[in-house]
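What follows is a single structure, written as C-alpha cells, with notes after it.
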Amino acid sequence: MRGLVLWGPVALWAGLLFFLSSRSDLGRAGQIPDWITHGTAYLALALLVARALAGGFPRLLTARAAMVVVLAVTLYGVSDEFHQSFVPGRDSSAGDVAKDLGGALLGVLIFRRCAAWWGSRS
C-alpha cells in the first residue's frame, strides 16, 4: 500500500503528461508559453518522484537520489518529445527537453530545501 501512496501520484502525473502530449490541440493551454508549461509540468513530476524516492515528505533526498530524479524525469521528457513527434500538429524539440531539465532541476532543489527546512523544525 505504501508503494501505491508514494508512486501512484507519479504514475498519474506521468499519465496526464502523456495524455496531453497526444492531443493535437491543447486549446487555451496551448497559448501559454512553453517555458512555463514544460518547466511547471516537469517541476511537478520531479517533486513527485523525489517524494517517492525519499520515502515521503519531509524525508531528505540524498545527492545521488537527486541526480537519479533529474535523470529519470529528463528521460521521461525525452520520451515525451519522441511521442509528440508522431502526433499531428505537434513537434519535438531539444529546447523542450532543456525546459523539462530545468523544471526537474528546480523541482529537486525545492524538494531538498523544503525537506531540510522542515526537518530542522523538528
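A few remarks follow.
- For region 1-32, backbone nitrogen atoms closer than 14 Å to the point 7 Å from Leu60 Cα along Cα-to-C-beta are found at no residue.
- Neighbour cut-off at most 12 other Cβ (10 Å), DSSP loop, chymotrypsin sites (Phe, Trp or Tyr not before Pro), region 32-122: Phe86
- Structure-based [θ]222 nm, the chain - -39500 (n - 2.57) summed over DSSP H runs of at least 4, per residue, nearest 500: -26000 deg cm²/dmol
- Of (1) 14.2, 42; (2) 12.8, 35; (3) 15.1, 52, the label for Rg and Dmax of the Cα atoms in Å derived from the coordinates: (3)
- Within the accessible area of region 39-86 (1.4 Å probe), percent carbon and sulfur: 76 percent
- Per residue solvent-accessible surface (Å²) - the chain, probe of 1.4 Å: 61 Å²
The values are calculated or read from the model by the stated rules, or taken from the named source; none is laboratory data. Source: prediction; values computed, not measured. Every residue, glycine among them, receives a Cβ derived from its backbone with ideal geometry; neighbour counts consider all protein chains shown. Heads up: the accessible areas ignore ligands, DNA and RNA and are worked out on the full protein's heavy atoms, side chains in. Shrake-Rupley method; radii C 1.70, N 1.55, O 1.52, S 1.80 Å.
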